[in-house]
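The values are calculated or read from the model by the stated rules, or taken from the named source; none is laboratory data. Just so it is clear, the structure is predicted and the values come from calculations on it, not from any experiment. We place every Cβ from the backbone using ideal geometry, glycine too, and count neighbours over all the protein chains shown.
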């Protein structure tokens, strides 16, 4: 992702903790808040996995026990809506927690990118590149307006990165306010794309757009691109080779 019309103080940070690697766009004074949030989220999820490894391994919706942490509940709720396993929502959920923490501390221009799963709060426009591997459409991006609210764009792929996907999409992109939901639905969208046929791609988009809370979606397969719903203006943007980051468990 790249900042447009940035003010002094806004910088891009790459943050790593063990197998966790994220990119944070924010004023440097809010970086400790983001790190603390990521530490806390990881601890909550790792603790829950220790109690029930099935939570990490299942590819089906999971019913969390009564009294589970709100972060676990959000992941499970998003996964149920999307019809996927709860870990399909993990990157988006952690990213949104960090953004919420920074906004709560006073930040007004922040974004957290975890391997293409991005949560943001913008008072200035932000350009986000869509990484689509070997697709000739690799320079496609979106320009998000300054809306002063939490928003998210999440991407899954059957050809790029560590995501578990049962489809062939080079990029399956979902937009929603809820980053956990966008993350889980991006996985569902990627799973639904089983052929490069236009009809199949449109059907996959319609499935995901039928999920409550999803605003828009886009699929890139080879030279083909299709969109449904509310999608920001597409732009041409160069994606740095080191811009991808991820969280694994």
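For residue 106, the criteria (1) at pLDDT 95 or above; (2) in a loop (DSSP other than H, G, I, E, B); (3) buried (at least 17 other Cβ atoms within 10 Å of the Cβ) hold in every case but one, which is (3). Just give me the residues in segment 129-164 being under 20 Å from residue 192 (Cα atoms), modelled with pLDDT of 85 or more and in a loop (DSSP other than H, G, I, E, B), in sequence order. Within segment 129-164, 130, 157 meet the criteria.
Per the conditions (1) in contact with a helix residue (DSSP H, G or I) (Cβ under 7 Å, 6 or more places away or on another chain); (2) surrounded by fewer than 20 Cβ atoms within 10 Å (Cβ to Cβ); (3) at pLDDT 90 or above, the sole criterion not satisfied by residue 249 is (3). Determine the pairs where a residue that is on the phi > 0 side of the Ramachandran plot, located within segment 73-90, has a partner that is part of a loop (DSSP other than H, G, I, E, B) with Cβ atoms under 7 Å apart, the partner being 6 or more residues away or on another chain. Close Cβ pairs satisfying both conditions: 83/61.
Can you find a residue in segment 159-171 that is crowded, with 22+ Cβ neighbours inside 10 Å, within 22 Å of residue 209 (Cα to Cα) and under 14 Å from the mean Cα position of the chain (by Cα)? Among the residues of segment 159-171, at least one is crowded, with 22+ Cβ neighbours inside 10 Å, within 22 Å of residue 209 (Cα to Cα) and under 14 Å from the mean Cα position of the chain (by Cα), which makes the answer yes. Looking only at segment 202-224, which residues are under 24 Å from residue 89 (Cα atoms), over 18 Å from the mean Cα position of the chain (by Cα) and either at pLDDT below 95 or surrounded by fewer than 24 Cβ atoms within 10 Å (Cβ to Cβ) (or both)? Selection gives 202, 203, 206, 207, 210, 221.
Inspect all residues belonging to segment 188-199 and state whether any of them is modelled with pLDDT of 95 or more and within 25 Å of residue 122 (Cβ to Cβ). Yes, segment 188-199 contains a residue that is modelled with pLDDT of 95 or more and within 25 Å of residue 122 (Cβ to Cβ). Can you tell me how many residues in segment 42-72 are at positive phi and part of a helix (DSSP H, G or I)? Total meeting the criteria: 0. Within segment 19-38, identify whether any single residue is in contact (Cβ under 8 Å) with a residue 24 or more places away in the chain, in a loop (DSSP other than H, G, I, E, B) and farther than 20 Å from residue 190 by Cβ, and answer yes or no. Yes, segment 19-38 has at least one match.
Put simply, of 93, 89, 79, 101 the only residue that is over 17 Å from residue 214 (Cβ atoms) and either over 16 Å from the mean Cα position of the chain (by Cα) or not in a loop (DSSP other than H, G, I, E, B) (or both) is 101.
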